[in-house]
1. List the chymotrypsin sites (Phe, Trp or Tyr not before Pro) within the stretch 205-257 that DSSP assigns to loop and that have no more than 15 neighbouring Cβ atoms inside 10 Å.
2. Convert 37 °C to kelvin, take the viscosity as 0.692 mPa s, use the Kirkwood radius over C-alpha pairs of the stretch 125-239 as Rh, and evaluate the Stokes-Einstein diffusion coefficient in µm²/s, rounded to a whole number.
3. Probe radius 1.4 Å, ligands and nucleic acids left out: which of Val145, Val169 has the largest accessible area, and how do the rest follow?
4. If you take the alpha carbon radius of gyration of the stretch 57-210 and divide it by 2.2 N^0.38 Å, what ratio comes out, to two decimals?
5. In what sequence, highest mean first, do 124-131, 244-251 appear when ranked by Cβ atoms within 10 angstrom?
Amino acid sequence: ANMNLFVIQAAASIMFLSAWTSQKIKAPLTKITAGMSKMVEGDYNYRIDFKAEKEFAVIRDSFNLMADKLRIAEEENLKLQQDRTKMLMDLSHDIKTPISTIQYFSKALSEGLVDDEEKRQRYYNTIYAKGSRVSELIDDLFEYVTLDSRSYSLIIKKADFAEFIRRIVTKFYDEIEEKGLALELNIAEGEMLANFDEKLMGRAIQNIIYNAIKYNPAGTKLRVEVIETTDGLVFETADNGIGISEHIREHIFEPFTRGDQSRKSDGGYGLGLA
């Protein structure tokens, strides 16, 4: 009789323990499954919350961290898509404006409506200037589409980076002097070899130096420096001019970021530094 009672108690304990364990596992699994379903549906704001043993707690925390990263990525992608759409709209407007001017002036010239030679020359100069502007805008668009393509590949070659920077800075000597800036160039003699894409690296550095010249007042000190360290080469450029606005400081190298948020007919689209 005692043996039977023991067997019954043991069986009851096992059943109770099994039910308790099953519920302990089932509850978090149910919530994890629900969270995964929400994520599949594209709801990255959903978070799972339950008390559990270490193993399930790790899954819970990993899921919530993944959801946070996906939400941030989705927001960034949405902003990028909105910026692209705005850029294309602005570009369309900016191309249409000079083309309209070219059409108007060309028609006047072709129909012999401009008798004054000086005025006729001004019309030709305007047509040329507007045509150049259209070409620049199309180049901006082509450059952006090309660099954004997955098939684009860098052309990496080993070259003397110090000499490369000297050549770039030399191109700006006249502009620096005309603007009244003080240039401090610190590059040691001798080769400083590095692997880089000369075309894209040149474009990036020229954009930075060009911005420093364009937006700073006369008397600004502009420093350009190449430093050789144990980890490699460091390129630095700095000035004591107007600085970068705090609200865009963290985003200056992102696409479509501009210091002057208002669109200007002679300005770019915030692609240069990016």
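1. Phe253
2. Value of D from the Cα-based Kirkwood radius: 201 µm²/s.
3. The ranking, largest first, comes out as Val145, Val169.
4. The reported ratio for this selection is 1.63.
5. By packing density, highest mean first, the sequence is 124-131, 244-251.
The values are calculated or read from the model by the stated rules, or taken from the named source; none is laboratory data. Here the structure is a predicted model, which means the values were calculated and not measured. Note that we place each Cβ from the backbone using ideal geometry, even for glycine, and neighbour counts take in every protein chain shown. Note: accessible area is taken over every heavy atom of the protein model, side chains too, but ligands, DNA and RNA are not part of it. Shrake-Rupley method; radii C 1.70, N 1.55, O 1.52, S 1.80 Å.
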